[in-house]
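Structure first, then comments.
The values are calculated or read from the model by the stated rules, or taken from the named source; none is laboratory data. Everything quoted here is computed from the prediction, not taken from an experiment. Ideal geometry is used to build each Cβ from the backbone, glycine not excepted, and the neighbour counts take in all protein chains shown. Note: accessible area is taken over every heavy atom of the protein model, side chains too, but ligands, DNA and RNA are not part of it. Shrake-Rupley method; radii C 1.70, N 1.55, O 1.52, S 1.80 Å.
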Amino acid sequence: MQPVDTGVEGLRARYGGAVATLVLDRPHRRNALTLSMWQGLPGVLDRLAALPGIRALVLTGAEGTFSAGADIAELAGVYGDPARADAYHADNVAAEEALAAFPHPTVAAVSGDCVGGGCQLAVACDLRFAAEGARFGITPAKLGVVYPAVPTVRLARLVGPSRAKYLLFSAELVDAAQAERFNLVDRVVPAPASVLEQALEFARVVANRSPQTIGAVKDALAGPLELAGEAVAPWERKSRLAPDVREGLAAFLEKRAPQF
């Protein structure tokens, strides 16, 4: 994989084939997220989405930890001024929304702790793979922070309202097995060292599937389910004219891999 210049300290990216990898890279602070990282993330995602041939993105953390969440030392200064706190959370939500809106499938590869803002980013991905020893938690109740509505609702849509309340009320960390039971994790990987490779392998599989089908699924499930038909309609119209279906059917009959 070749490096991609993010221009943001703490965000490192690389790219190979049809898959990009974005790394939360502040291991000396357990990959805690700074304001500059939150602010820079939308632009970095735009840059990655524009890479030629890109079909999938894997988000992970450096050196065995996904992210300890927001940098608390920085957060203490932010909360010294209500206007700064408002602006901080606006940047935080904008970064999450940019990740959720990434135009290709996203997979979080989680090892170690995935806490607070780190968990917020993992939840904003389409899927989450976790090493067996990973731990998940959303901890604003330990700090008196009011979690913004966007990540609160996104979490509830993923795990259900009751389990979202369990996580947010208690601020407890749950292990990968419990996170999987909560639907917070899609696959648990026994060996921590292989979670990233399994996420990359899955991303490569997805990168060979029809982007037309995948785009329709992402748009259908991005908003309220009652609006899914409206979201999918343009994709349905496109599918009648674009070559994906003809190629897929021909490949199946000819017993070869489709070229989407």
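Is the stretch 1-148 rounded, prolate or oblate when judged by the Cα gyration tensor, a ≥ b ≥ c being the square roots of its eigenvalues, rounded requiring a/c under 1.5 and prolate requiring a/b larger than b/c?
prolate
Compute, for the stretch 182-222, the length of the dipole vector about the Cα centre, with Cβ point charges of +1 (Lys, Arg) and -1 (Asp, Glu) only. Units Debye, rounded to 20.
It works out to roughly 80 debye.
Can you tell which of Leu127, Ile54, Ala207 lies farthest toward the positive end of the dipole of the chain, using +1 and -1 charges on the Cβ of basic and acidic side chains (Lys, Arg; Asp, Glu)?
Of the candidates, Ala207 comes out farthest on the positive side.
If you fit an axis through the alpha-carbon atoms of helix 195-207 and take the longest principal axis of the Cα set of the chain, what angle between them do you get, 0 to 90°, nearest 10?
40 degrees
Any idea what the dipole of the stretch 32-172 comes to, in debye rounded to 20, about its Cα centre with Lys/Arg Cβ at +1 and Asp/Glu Cβ at -1?
Rounded to the nearest 20 debye, it is 420 debye.
At a Cα cut-off below 29 Å, give the lysines reachable from Lys218, other chains included and same-chain residues fewer than 8 away excluded.
Lys165, Lys238, Lys255
Skipping prolines and chain starts, which residues have an amide H placed within reach, meaning under 5 Å, of the one on Thr6, given they are 5 or more residues away or on another chain?
Ala13
Using amide H atoms built 1.01 Å from N in the peptide plane, name the residues 5+ places from Ala56, or on other chains, whose amide H lies under 5 Å from its own.
Under 5 Å from the amide H of Ala56: Ala20.
With a sphere of radius 11 Å drawn around the Cβ of Phe136, what net charge do the other residues whose Cβ falls strictly inside it have (Lys, Arg +1; Asp, Glu -1)?
Once all neighbours under 11 Å are counted, the net charge is -2.
Near the amide H of Arg135, under 5 Å away, which other amide H atoms are found, from residues 5 or more places off or on another chain, if H is placed in the peptide plane?
Here Gly112, Asp113, Cys114 satisfy the definition.
Could you give the size of the charge dipole of the stretch 197-260 about its Cα centre, using +1 on the Cβ of each K and R and -1 on the Cβ of each D and E, expressed in debye and rounded to the nearest 20? Present the calculation step by step, with values, prior to reporting the outcome.
Details: 9 positive and 9 negative charges, 58 e Å.
Dipole about the Cα centre, nearest 20: 280 debye.
Using Cα centres only, tell me the gap between the stretch 155-220 and the stretch 53-67 in whole Å.
Centre-to-centre (Cα) distance: 13 Å.
For the stretch 231-240, take each phi angle, set θ = phi - 60°, evaluate the Karplus expression 6.51 cos²θ - 1.76 cosθ + 1.60, and give the result in whole Hz per residue in order, putting x for glycine and proline.
Result, rounded to whole Hz: 5, 7, 3, x, 5, 4, 5, 4, 5, 6.
List, in order, the whole-Hz ³J(HN,Hα) value for each residue of the stretch 157-171 obtained from phi through the Karplus relation with A = 6.51, B = -1.76, C = 1.60 and θ = phi - 60°; use x for Gly and Pro.
5, 7, 10, x, x, 5, 6, 4, 5, 4, 5, 7, 5, 7, 6
Among Ala216, Ala108, Tyr88, whose Cα projects farthest towards the positive end of the dipole of the chain, with charges put on the beta-carbon of Lys, Arg (+1) and Asp, Glu (-1)?
Towards the positive end, the residue furthest out is Ala216.
Antiparallel DSSP bridges in the chain: what percent, to the nearest 5?
So the antiparallel bridges amount to about 35 percent of the total.
DSSP beta bridges in the stretch 9-133, what fraction antiparallel, as a percent rounded to 5?
Roughly 25 percent of the beta bridges in the stretch 9-133 run antiparallel, per DSSP.
What distance in nm separates the simple spin-label points at Glu172 and Asp86, each placed 7 Å from Cα in the Cβ direction?
3.7 nm
Where a ≥ b ≥ c are the square roots of the eigenvalues of the C-alpha gyration tensor, would you call the stretch 144-260 rounded, which needs a/c under 1.5, or, failing that, prolate if a/b is larger than b/c, or oblate?
Working: a/c = 3.65, a/b = 1.56, b/c = 2.33.
Judged from the Cα gyration tensor, the stretch 144-260 comes out oblate (a/c at least 1.5, b/c at or above a/b).
Rounded if a/c is under 1.5, else prolate if a/b beats b/c, else oblate: with a ≥ b ≥ c from the C-alpha gyration tensor eigenvalues square-rooted, which is the stretch 24-104? It would help to have the intermediate numbers written out before the result.
Values: a/c = 3.07, a/b = 1.46, b/c = 2.10.
Note, shape of the stretch 24-104 comes out oblate.
Which stretch or stretches of the stretch 203-236 have amide N atoms under 20 Å from the point lying 7 Å from Phe252's Cα along the Cα→Cβ direction?
Within reach of a label on Phe252, which here means backbone N under 20 Å from a point 7 Å along Cα→Cβ, the stretch 203-236 contributes 205-218, 235-236.
When only the heavy atoms of the protein chains count and the probe is 1.4 Å, how do Lys142, Lys255, Lys218 rank by accessible area, highest first?
Lys255, Lys142, Lys218
For the stretch 71-88, take each phi angle, set θ = phi - 60°, evaluate the Karplus expression 6.51 cos²θ - 1.76 cosθ + 1.60, and give the result in whole Hz per residue in order, putting x for glycine and proline.
6, 5, 4, 5, 4, 4, x, 4, 7, x, 9, x, 5, 5, 5, 4, 5, 4
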